[in-house]
Structure formats: structure tokens, C-alpha cells
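Colleague: Mind looking over this structure? Questions follow.
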Amino acid sequence: MVTNRCFVDTVCWIALLNQDDQLHESSDREYKLLMKSGYYFVTTTSILNETANALSDPRFRLAVVEFNRRLQMNAEPDSSLASSMKERQ
């Protein structure tokens, strides 16, 4: 069972993908630290859609496409998380 999880919202994904974002450096540093510490990142489809929409400017499109491709390759749906989210509704 995975115990180290970090929920990632739209603000974080945008900061990681946009090097001009004022939160880019701190987000990138924290993301890398958590990755090295064995954390799994949890997000939602809605957040990913919101991130892609926010970065729809042509200068970000390649980064967003690559980001989505990498997420698809590494995604591992967590049914226990989905179950616990349904229970809260």
C-alpha cells in the first residue's frame, strides 16, 4: 500500500510546466524532493483538463502534450482512492 501521496492541483502543474511562473522554482524543487523521497502524486482528470486549458497558448502546447504523454505512460489508477472519494460525496 502506498503511504506517501501528494495531491497535485492545477496551480502546481502550471508552475512546473511554465518556467516563467513565479512559483516555478519552488514547485520544481519541492516536486523533485518528493520524487526522490518516493512520493506518489495524485491528481484528477478535471485538474489535468484545467491545466491544459490554462496553458493552451501555442508556446506551451508542446510541453503540455509531452506532459500528458508522460502521465499516460506512468498512470496507475488507484481504486482505493477513487472509492474513498466516492464515500465523501
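Rule-based calculations on the coordinates, nothing more; no lab input. Nothing here was measured: the structure is a model prediction, and the numbers come from that model. When we count neighbours, we look across all protein chains shown, and the Cβ atoms used for this are built from the backbone with ideal geometry, even at glycine.
Colleague: Which ³J(HN,Hα) values, rounded to whole Hz and listed in residue order, are derived for region 6-15 from phi using the Karplus coefficients 6.51, -1.76 and 1.60 in 6.51 cos²θ - 1.76 cosθ + 1.60 with θ = phi - 60°, glycine and proline given as x?
Modeller: The phi angles translate into 9, 7, 10, 9, 4, 4, 5, 4, 4, 4 Hz.
Colleague: Give me a comma-separated list of calculated 3J(HN,Hα) values for region 41-50, in order, Karplus coefficients 6.51, -1.76, 1.60 applied at θ = phi - 60°, integers in Hz, x for any Gly or Pro.
Modeller: 9, 10, 8, 10, 4, 4, 5, 5, 5, 5
Colleague: For a quick check: sort TYR40, TYR31 by the number of other beta carbons within 10 angstrom, fewest at the front. Before the final figure, lay out each step's value.
Modeller: Numbers: TYR40 14, TYR31 18.
Ordered from fewest to most neighbouring Cβ atoms within 10 Å, TYR40, TYR31 come out as TYR40, TYR31.
Colleague: Ranking request for peptides 14-25, 63-74: highest mean number of other beta-carbon atoms within 10 Å first, then the rest in descending order.
Modeller: Working: 14-25: 14.9, 63-74: 11.8.
Final packing ranking: 14-25, 63-74.
Colleague: Explain nothing, just the number: dipole magnitude of region 5-77 about its Cα centre with +1 on each Lys and Arg Cβ and -1 on each Asp and Glu Cβ, in debye rounded to the nearest 20. Present the calculation step by step, with values, prior to reporting the outcome.
Modeller: Numbers: 8 positive and 10 negative charges, 57 e Å.
Result for region 5-77 is approximately 280 debye, rounded to the nearest 20.
Colleague: Any idea what the relative contact order of region 5-77 is, in percent, if you count C-alpha pairs under 8 Å spaced at least 6 apart?
Modeller: Details: 47 pairs, mean separation 26.6, N = 73.
36 percent.
Colleague: Using amide H atoms built 1.01 Å from N in the peptide plane, name the residues 5+ places from ARG5, or on other chains, whose amide H lies under 5 Å from its own.
Modeller: Result for ARG5 returns TYR40.
Colleague: Under the classification rounded if a/c is under 1.5, otherwise prolate if a/b is larger than b/c and oblate if not, where does region 5-77 fall, given a ≥ b ≥ c as square roots of the Cα gyration tensor eigenvalues?
Modeller: Working: a/c = 1.76, a/b = 1.20, b/c = 1.47.
Taking the square roots of the gyration eigenvalues as a ≥ b ≥ c, region 5-77 is oblate.
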